[in-house]
1. If the reach is capped at under 26 angstrom between alpha carbons, list the lysines near Lys69, excluding any in the same chain fewer than eight residues apart.
2. For the range 65-79, what does the Karplus curve 6.51 cos²θ - 1.76 cosθ + 1.60, with θ = phi - 60°, yield as ³J(HN,Hα) per residue in whole Hz, taken in order and with x for Gly and Pro?
3. Percent of accessible area on the range 6-83 owned by carbon and sulfur, 1.4 Å probe?
4. Provide the packing ranking of 77-83, 125-131, i.e. peptides ordered by the mean count of other C-beta atoms within 10 Å per residue, highest first.
5. Considering only DSSP beta bridges whose two residues both sit in the range 6-83, what percent are antiparallel, to the nearest 5?
6. For a label point 7 Å from the Cα of Asp16 along Cα→C-beta, name the residues of the range 41-59 whose backbone N is under 18 Å from it.
7. Got a sec to turn the phi values of the range 125-132 into Karplus ³J(HN,Hα) couplings, 6.51 cos²θ - 1.76 cosθ + 1.60 with θ = phi - 60°, whole Hz, x for Gly and Pro?
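The values are calculated or read from the model by the stated rules, or taken from the named source; none is laboratory data. Bear in mind that the values here come from a model prediction, so they are computed numbers and not experimental data. Cβ: placed from backbone, ideal geometry, glycine included. Neighbour counts: every protein chain shown. Areas reflect the complete protein model, heavy atoms only, side chains present, ligands, DNA and RNA absent. Shrake-Rupley method; radii C 1.70, N 1.55, O 1.52, S 1.80 Å.
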Amino acid sequence: MTDRRVYVFDEVARHDKRGDTWLIISGKVYDVSLFLDDHPGGDEVLLAVTGKDATIDFDEQNHSEEARKMLVGYYIGDVDISTLPVEHEDTTEEAAASAGIQTFGGLVKILQFLIPLIILGLALALRQYKNKE
């Protein structure tokens, strides 16, 4: 059994151009240089996610099982996750406002579920009370 090669992030990030394109997906490193011309979304899509962890970008595209199996052929090693850059939280007012909207939206959904249950509970309690009289 051969040892897996472990790359540091900076080394992977240097492979960011046509003909020399490496991606990080789920902690694994893939050399997709030969796949650029065959990628259904075009080579720009792959080139746009070099130099960073492309896991989220890959997962958001809902790739087929066949596409996921194809990755095996391009696998060249793993990335040392301790060398990945730390993502900083966006602290702008816009991000805070967006978070507030998301929180409010979640509250509305909960209330849309709870209010009918409360009304139903009150109706059943009232019915039970009237039946006892």
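1. Lys17, Lys28, Lys52
2. 4, 4, 5, 5, 5, 4, 4, 3, x, 9, 5, 10, x, 10, 9
3. On the range 6-83, the fraction of accessible area on carbon and sulfur atoms equals 53 percent.
4. Result, highest mean Cβ count within 10 Å first: 77-83, 125-131.
5. Given both bridge residues lie in the range 6-83, the antiparallel proportion sits at roughly 75 percent.
6. 43-58
7. 3J(HN,Hα) across the range 125-132, in whole Hz: 5, 5, 4, 4, 5, 5, 5, 6.
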